[in-house]
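The structure appears below as structure tokens.
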Amino acid sequence: MNTDRETPALSVAELPTAPGRLPLLGHSPQLVRSPMKFLESLASIAPLVRVSLGHRPALVVTDPALVHDVLVRKGTSFEKGEQFENARVVLGNGILVAGRKDHLKHRRILQPAFQTGAIDSYGVLMHREATHSVAGWTPGETRNIQQDLDELSLRIAMTTLFSGNLPQAVASEVRTWLPVALKGVALRAVLPLRRWDGTRLATTTRFHRSGEHLRNAVEELVKAAEAGSSNADMMNRILDATAAQTEGHISQAQARDEALSVLVAAYETTASTLGSLLLEVSRNPRVEQRLLRELTENIDPSHPVRTSDLRRVPYTLAVVQEALRLHTPGWFLMRRAATDVVLGRTLIPKGTEVIFSPQALHHAPSVFPDPHSFNPDRWEDTPAKSLPPGSYLPFLEGRHQCIGNHYALHEMVTILIAVHLRWKLRVPASGPQPRHVFRTVMRLNGLHMAVTPRRTGNEGED
Ligand code: HEM
């Protein structure tokens, strides 16, 4: 058992239960209908609050210090748990869903593919895809910008993983089935569908079929990379690293599962952050103007960004950091106690499902004054490293910290430069307004924006 020096004073049964629990459904309706209102409200009740996901009990950790304990100080006492086990049906056994004992092995396989040199080489493909994508926009039209960003980020993920020239049919299989898989995983986090997944009828559902389609499509791409018939950059690094780290090569099935994990982790996360960012910037002309000035003065948009360039654009990085705070893609995450463990002053029995919401932590007024406003300036005086542990976790921390965080930053800055230096974006006042929806990733629905070419000298003007 992992214990603190003090004797645990409370058992889980003594913790407060969140209000509004319904028979059979528990707190699931609140988590489906207005999840952030519900999750943010729990911090005022207690550092640990009991909830029910349908009939399944779980604990919500609302105190940043205790979330830090779950992820770092006592990280070895927790495993990924239910949320990720549900994803195995479609993802097989890649890094995202790897069990506690295997996880380090997966991490070592992927690490070389995410080093700075590698990311600079992916930057060339990111630049090519982003420039090509925005060059096709027509002045004055209104576009579904979130859809554009989704497609672009998926293309970037596929291109950097597999090759500069993807077979169209395989790419469109992934584009069709990945959203189905993600939706199924999200539903299974809050609804009791797991038992049903074990039945024969369940294998005919779109969720289960999505796994089969994705595995087949990605396996084709892995085979091409292994046979050397593509110049698959990231996949070749994964296959090379595998040979170096293990006695022999991993199987094609293993390489396929790692690739699927990377695709799932990369899809929607950067795109949804960028959607929120572009919306916030369009609503804050002062931010828009300063961003434009910094990028114009420091970046040559005709060249791919290099990691070393990022030092010259601190305000741009603050804008990204603020978008990740205000609209955190990984808004709802879960772990399971792998041993009995003490959290704060409570003994958490082995097997307890634990929930935490980085998005709720990012809205704590004690850490982020005026937490619901978009204010990149807040990062000038308060670097993220100076905040109390567990307060700012867009990429998490500890063993499962996002391995793609530098890749994601590189991609977001690359796309931001391609869009922002060329186009001014506005949500038309008369049309439907975008709103956030909460799936596996928090994202914007209905982000329709009018696009106007920027003219020299009209920076920030409305
Ligand atoms: C803004 C963009 C992104 C955000 C906010 C983000 C956030 C996260 C978070 C919160 C986790 C931890 C999930 C958990 O353990 O509960 C994670 C893990 C992961 N992310 Fe990201 N991610 C982003 C982009 C990417 C990209 C672009 C890639 C790959 C190209 C990627 C690859 C991964 C992988 C492989 C893991 C699993 C790491 C592990 O378990 O060791 N992510 N990400």
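The values are calculated or read from the model by the stated rules, or taken from the named source; none is laboratory data. Owing to the predicted nature of the structure, the values given are computational and were not obtained by experimental measurement. Reconstructed Cβ throughout: ideal geometry from the backbone, glycine too, with neighbour counts over all protein chains shown. Accessible surface areas use protein heavy atoms only, side chains included; no ligands, DNA or RNA. Shrake-Rupley method; radii C 1.70, N 1.55, O 1.52, S 1.80 Å.
State which residue pairs qualify: first residue in contact (Cβ under 8 Å) with a residue 24 or more places away in the chain and inside segment 271-285, second residue of a type in the set (G, A, S) and in a helix (DSSP H, G or I) in any location, beta carbons under 8 Å apart, and separation of 6 or more residues or different chains.
Hits for this filter: A271/S153; T273/A323; T273/A408; L274/S153; L274/A323; S276/A323; L277/A323; E280/A323.
Among the residues of segment 278-297, how many are open to solvent by less than 20 Å² (accessible area, probe 1.4 Å) and over 20 Å from I119 (Cβ atoms)?
Total satisfying the criteria: 8.
Tell me whether segment 244-258 contains one or more residues that are basic (K, R) and either without any contact (Cβ under 8 Å) to a residue 60 or more places away in the chain or open to solvent by 20 Å² or more (accessible area, probe 1.4 Å) (or both).
yes
Considering each of S41, S28 in turn, give the residue that is modelled with pLDDT of 95 or more, surrounded by 15 or more Cβ atoms within 10 Å (Cβ to Cβ) and among the polar types (S, T, N, Q).
After applying the criteria, what remains is S41.
When you look at L295, is it among the aliphatic types (A, V, I, L, M) and within 14 Å of the ligand (Cβ to nearest atom), yes or no?
Taking the combined requirement at face value, the residue does not satisfy it.
Quick one: in segment 330-344, which of the residues that are more than 12 Å from the ligand (Cβ to nearest atom) and part of a loop (DSSP other than H, G, I, E, B) is nearest to D69 (Cα to Cα)?
Per the stated criteria, the residue is G344.
Could you figure out which of (1) part of a loop (DSSP other than H, G, I, E, B); (2) modelled with pLDDT of 95 or more; (3) crowded, with 18+ Cβ neighbours inside 10 Å isn't true of W379?
Only one criterion is unmet by W379, namely (1).
Here are R175, R155, R143: which of them is among the basic types (K, R) and within 16 Å of the ligand (Cβ to nearest atom)?
Answer to the selection: R155.
Name the single residue, out of those in segment 221-232 being assigned to a helix (DSSP H, G or I) and open to solvent by 40 Å² or more (accessible area, probe 1.4 Å), that is modelled with the lowest pLDDT.
Only one residue tops the list, namely E226.
When you scan segment 74-103, how many residues do you find that are part of a helix (DSSP H, G or I) and either away from the ligand (no atom under 11 Å from the Cβ) or under 15 Å from A181 (Cα atoms) (or both)?
The total comes to 14.
Residues that are touching a residue at least 60 places away in the same chain (Cβ under 8 Å), surrounded by fewer than 19 Cβ atoms within 10 Å (Cβ to Cβ), within 16 Å of the ligand (Cβ to nearest atom) and of a type outside the set (D, E, K, R): does segment 53-63 have at least one?
no
Going through segment 128-163 one residue at a time, which ones are surrounded by 21 or more Cβ atoms within 10 Å (Cβ to Cβ) and farther than 19 Å from L263 by Cα?
I145
Taking the conditions exactly as written (within 11 Å of the ligand (Cβ to nearest atom) and open to solvent by less than 10 Å² (accessible area, probe 1.4 Å)), does M449 satisfy them or not?
No: the conditions fail for M449.
Could you please tell me which pairs satisfy a Cβ distance under 8 Å, a separation of 6+ or placement on different chains, a first residue in segment 380-408 that is closer than 22 Å to L154 by Cβ, and a second residue that is open to solvent by 70 Å² or more (accessible area, probe 1.4 Å) and not in a loop (DSSP other than H, G, I, E, B)?
As it stands, the answer is I403/Q111; H406/T116, since those pairs meet every condition given.
In the list A271, A265, which residue meets the criterion of being in contact with a strand residue (DSSP E or B) (Cβ under 8 Å, 6 or more places away or on another chain), within 16 Å of the ligand (Cβ to nearest atom) and more than 22 Å from P383 (Cβ to Cβ)?
When all the criteria are applied, what remains is A271.
Looking only at segment 298-306, decide whether some residue is assigned to a helix (DSSP H, G or I), of a type outside the set (V, I, T) and either open to solvent by less than 10 Å² (accessible area, probe 1.4 Å) or touching a residue at least 60 places away in the same chain (Cβ under 8 Å) (or both).
no
Going residue by residue through segment 359-370, is there one that turns out to be within 15 Å of the ligand (Cβ to nearest atom), under 22 Å from L279 (Cα atoms) and either in contact with a strand residue (DSSP E or B) (Cβ under 7 Å, 6 or more places away or on another chain) or open to solvent by 50 Å² or more (accessible area, probe 1.4 Å) (or both)?
yes
Quick check on my filter: what residues within segment 382-393 are open to solvent by 30 Å² or more (accessible area, probe 1.4 Å) and within 13 Å of the ligand (Cβ to nearest atom)?
Y392
Just one of (1) touching a helix residue (DSSP H, G or I) at 6+ places or on another chain (Cβ under 7 Å); (2) over 30 Å from K105 (Cα atoms) trips up E397, so point out which.
It fails just one condition, (2).
Pull up segment 69-83, narrow it to residues that are farther than 15 Å from T352 by Cβ and either of a type in the set (S, T, N, Q) or out of contact with any Lys or Arg (no Cβ under 9 Å at 6 or more places or on another chain) (or both), then point me to the one that is modelled with the lowest pLDDT.
Looking at residues that are farther than 15 Å from T352 by Cβ and either of a type in the set (S, T, N, Q) or out of contact with any Lys or Arg (no Cβ under 9 Å at 6 or more places or on another chain) (or both), I get T76.
Residue check: is R143 out of contact with any helix residue (DSSP H, G or I) (no Cβ under 7 Å at 6 or more places or on another chain) and basic (K, R)?
yes
So which pairs qualify, if the first residue must be in segment 104-133 and among the β-branched types (V, I, T) and within 12 Å of the ligand (Cβ to nearest atom), the second must be open to solvent by 30 Å² or more (accessible area, probe 1.4 Å) and at pLDDT 95 or above, the Cβ gap must be under 7 Å, and the two must be at least 6 apart or on different chains?
What qualifies is I119/T307; I119/H406.
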